[in-house]
1. Using alpha carbons only, how many angstrom separate the centre of segment 46-118 from the centre of segment 251-280?
2. Which order do the peptides 91-103, 125-137, 159-171 come out in when sorted by mean C-beta neighbours inside 10 angstrom, highest first?
3. Would you please put 38-47, 217-226 in order of how densely packed they are, using the mean number of other Cβ atoms within 10 angstrom per residue and starting with the highest?
4. Around P183, with a cut-off of 12 angstrom between Cβ atoms, what is the net charge of the other residues, counting Lys and Arg +1 and Asp and Glu -1?
5. Once phi is turned into ³J(HN,Hα) by the Karplus curve 6.51 cos²θ - 1.76 cosθ + 1.60 with θ = phi - 60°, what whole-Hz value does each residue of segment 163-178 show in order, with x for glycine and proline?
6. Based only on Cα atoms, what Rg/Rh ratio does segment 197-305 have, Rh being taken as Kirkwood's radius?
7. Work out the charge dipole of segment 65-325 with +1 on the Cβ of Lys and Arg and -1 on the Cβ of Asp and Glu about the Cα centre, then indicate which of G304, P183, V170 is farthest towards its positive end.
8. Along each principal axis of its Cα atoms, how long is the chain end to end? Whole angstroms, biggest number first, please.
Amino acid sequence: MQTEISRASSLAPSEVEVEIDLRRKRRWGESLIQFSLWICGILSIFITLGIVVVLLFDALAFFQRPEVTLFEFFTGTVWQPQILKFGIFPLFNATMLTSVIGLSVAVPLGLMIAIYLSEYASPRARGILKPVLEILAGVPTVVFGYFALNFMTPVLRGIFGRDVVEIFNVASAGIVIGILIIPLISSMSEDALNAVPQALREGAYALGATRLETAIKVVLPAAISGIAAAIIVGMSRAVGETMVVAIAAGAGPRNFASWSEALGGLNFLNPFKAAETMTGHMVRISGGDLSYDSLDYDSIFAIGLMLFLITLVLNLISRWIIKRYREEY
């Protein structure tokens with residue numbers, strides 16, 4: 001036995017043969033997780049397809065009715081189903097107006113918060129502010145709706161006058177929608193800013209740039225694709241918001257007798273008057289005694305299809321911006 005051991009120890013390292021099993025081993029935990037993710041992906045695809053099919057089927061039933069025409073739907077300025085007027089412009093205009101007001105509030109504040117958290121905040125400050133933003137994002141939207149009605153509207157009426165600002169108005173709803181989507185824009189923008197390599201910042205500091213100049217002229221342009229995507233996602237969120245506009249914006253469409261009335265004096269852009277958005281209209285008429293397969297019932301799906309197309313276009317624009325302006329380091 002000692003002779004065999006001494007003989008084996010006298011062999012060179014290259015002469016010692018060690019069998020290594022290089023065959024792929026089955027990891028059942030990882031396989032189960034991979035299968036679960038695959039199932040979730042398939043389910044999400046089928047659910048999306050089901051929603052699209054339902055929207056298309058019921059919207060087609062609406063447009064096949066003799067009272068409705070595509071030309072009137074896209075060019076009419078009155079939405080009044082009781083008198084067979086189905087112009088989508090009043091609802092579309094209110095939706096876009098509240099969304100633009102919301103973005104005008106959320107984009108500057110969200111970007112400033114993202115720049116502060118990414119470039120200025122200490123780890124302790126970041127650890128405090130991030131949970132606060134998450135709490136703001138978790139507040140129910142119905143609370144934001146009553147906040148807009150009971151707080152923001154009196155503030156606007158006190159500033160601009162009670163004769164100018166109506167109790168239900170687009171401005172208060174849009175401002176609160178902006179507050180609502182600040183956490184979304186700031187969080188996504190901060191992720192985009194943090195993805196910029198530290199070497200770019202150090203190079204700017206080496207050239208004598210201040211922290212503000214580095215953040216504005218170096219980091220922000222390098223993360224422009226992610227920031228633009230965050231803004232468009234926030235726009236999609238604002239377009240689809242329901243409870244805030246249902247409570248604070250108004251309970252009826254802002255109809256116009258003609259396009260000349262709508263465009264005259266830019267009346268359609270007046271943010272201090274009441275107006276009903278597409279989502280607010282869907283909520284209002286769905287809550288009443290709405291019979292199945294009626295004209296009003298089918299109109300809900302036509303409006304829903306319009307919302308789906310708007311958000312789809314916004315998401316496609318977001319993907320194009322990311323692909324077009326993405327910087328890889």
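Derivation of every value follows stated rules applied to the coordinates shown; laboratory data play no part. Not measured: the values here are computed from a predicted model. Neighbour counts run over all protein chains shown; Cβ positions are idealised from the backbone, glycine included.
1. Value for the Cα centre distance between the two parts: 14 Å.
2. Order by mean packing, descending: 91-103, 159-171, 125-137.
3. 217-226, 38-47
4. Numbers: positive: K130, R237; negative: E134, E190.
My count for the surroundings of P183 gives 0.
5. Listing the rounded values in order: 6, 8, 9, 7, 4, 9, 8, 6, 4, 5, 5, x, 4, 6, 4, x Hz.
6. A ratio of 1.26.
7. Positive-most Cα among the choices belongs to P183.
8. 108, 56, 34
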